[in-house]
Amino acid sequence: MLDAVLSDAPDILVLDVMLPELDGYEILRQLRVDRRTAELPVLMLTAKGQREDRETALECGADMFITKPFANAEIVAAVKQLAMGRPRSDGGDTET
């Protein structure tokens, strides 16, 4: 997945924390140090809704953070916000 994003970066990346090989935090760290994806808007999704998880996501460079379960409308609104270049200043924790 990391190679796909690095070779052809999307306009916005929706990234889950819990992934089979590298976790979403590590993928995000690697994306942020690469000039091709350093500014890529990233929305992190996770079932892990603890404060530490949100802080880790923001430290790694997430623009927004949403915990599961979430409403589809939340994801759509977050993606629209990122597409307009207006991530939430606090990382966009929209816990449900």
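Tell me, what ³J(HN,Hα) does each residue in the range 41-54 have, in order and in whole Hz, if you take phi through Karplus 6.51 cos²θ - 1.76 cosθ + 1.60 with θ = phi - 60° and put x for Gly and Pro?
x, 10, 9, 8, 10, 7, 7, 8, x, 6, 3, 5, 5, 5
For the range 1-55, what is one quarter of the convex hull surface built on the Cα atoms, given in nm²?
Taking a quarter of the hull surface, the average projection is 3.7 nm².
Taking amide hydrogens as modeled 1.01 Å from N in the peptide plane, which residues meet the under 5 Å criterion relative to residue 44, leaving out close sequence neighbours?
Those qualifying (amide H under 5 Å, at least 5 residues apart or on another chain) are 15, 63, 64, 65, 66.
Just to be sure I understand, if you calculate Rg and Dmax of the Cα atoms in Å for this structure, which of [x] 13.2, 39; [y] 12.3, 34; [z] 13.5, 44 do you get?
[y]
Rounded to whole Hz and in sequence order, give me ³J(HN,Hα) for the range 58-71 from the Karplus expression 6.51 cos²θ - 1.76 cosθ + 1.60, θ = phi - 60°, writing x for Gly and Pro.
5, 5, 7, x, 5, 8, 9, 9, 10, 9, 8, x, 9, 8
With bins 10 Å wide starting at 0, give me the P(r) of the range 36-83 over every alpha carbon pair, in whole percents.
26, 53, 20, 0
Bear in mind these aren't lab numbers, they're just calculated from the coordinates by the rules spelled out. Not measured: the values here are computed from a predicted model.
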